[in-house]
Amino acid sequence: MKFAEIAASKGFVLGPVTLDDEEVMAFASSFDDQWFHTDPEAAASGPFGGLIASGWHTCALAMRLVSRELLAGSESFASPGLAYLRWPHPVRPGDQLTLHLTVLDARRSASRPELGIVRWQWMMRNGAGQEVLDLEATSMFKLDPPA
């Protein structure tokens, strides 16, 4: 999807995606090997009452949805960062996750008119409607110079 299509939209719904125990533990074993992500037996008696996915895994899933379902073929090339990032509820194996994107602002950069800038909120919810991810991202797009 091109910058102009994203800029003209109010939002998108992407997914769903579902994780299983093995995916949760494999990601955590490589990137966030805390016991409540990697040890189902210990996690069962822990504060979450079972295995949960790393918040970073949740972010990676959201990025995969955005890159494959929205940004593939676009002029997107970078992001200067996030305004905030929250994980209000844990992601559990078997949760069906859907990503809701709201375009907050889309414009051509005033100082670099060859860049398009999108500021958007990414909110992921599980099948019960609970928020499991909330972030505000800025994405940059390489555009043709204005005529």
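Each value in this text was obtained by applying a stated rule to the coordinates, not by laboratory testing. Given the structure is predicted, the values throughout are model-derived calculations rather than measurements. Here Cβ is always computed from backbone atoms with ideal geometry, including for glycine, and neighbour counts include all displayed protein chains.
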Whichever residue in region 86-111 is surrounded by fewer than 16 Cβ atoms within 10 Å (Cβ to Cβ) and among the aliphatic types (A, V, I, L, M) and, among such residues, is nearest to Phe3 (Cα to Cα): Leu104
Filter result (among the aliphatic types (A, V, I, L, M), over 28 Å from Glu41 (Cα atoms) and without any contact (Cβ under 8 Å) to a residue 60 or more places away in the chain) within region 52-71: Met63, Leu65, Val66
Failed item in (1) closer than 25 Å to Ala106 by Cβ; (2) touching a residue at least 60 places away in the same chain (Cβ under 8 Å), with Leu19 passing the rest: (1)
Residue within region 86-94 that is among the aromatic types (Phe, Trp, Tyr), at negative phi and touching a residue at least 60 places away in the same chain (Cβ under 8 Å) present: no
Among (1) crowded, with 16+ Cβ neighbours inside 10 Å; (2) hydrophobic (A, V, I, L, M, F, W, C); (3) under 17 Å from the mean Cα position of the chain (by Cα); (4) within 19 Å of Leu135 (Cα to Cα) - the single one Val24 does not satisfy: (4)
Given (1) within 21 Å of Gly73 (Cα to Cα); (2) touching a Leu at 6+ places or on another chain (Cβ under 9 Å), index of the condition Glu136 fails: (1)
Number of positions in region 1-20 that are surrounded by fewer than 19 Cβ atoms within 10 Å (Cβ to Cβ) and either aliphatic (A, V, I, L, M) or in a loop (DSSP other than H, G, I, E, B) (or both): 10
Which listed residue is out of contact with any Ser or Thr (no Cβ under 8 Å at 6 or more places or on another chain) and either farther than 27 Å from Thr138 by Cα or without any contact (Cβ under 8 Å) to a residue 24 or more places away in the chain (or both), from Ser111, Ser9: Ser111
Counted residues, region 112-136 - those being buried (at least 19 other Cβ atoms within 10 Å of the Cβ) and under 14 Å from the mean Cα position of the chain (by Cα): 8
Hey, Ala42 among the aliphatic types (A, V, I, L, M) and surrounded by fewer than 15 Cβ atoms within 10 Å (Cβ to Cβ) or not: yes
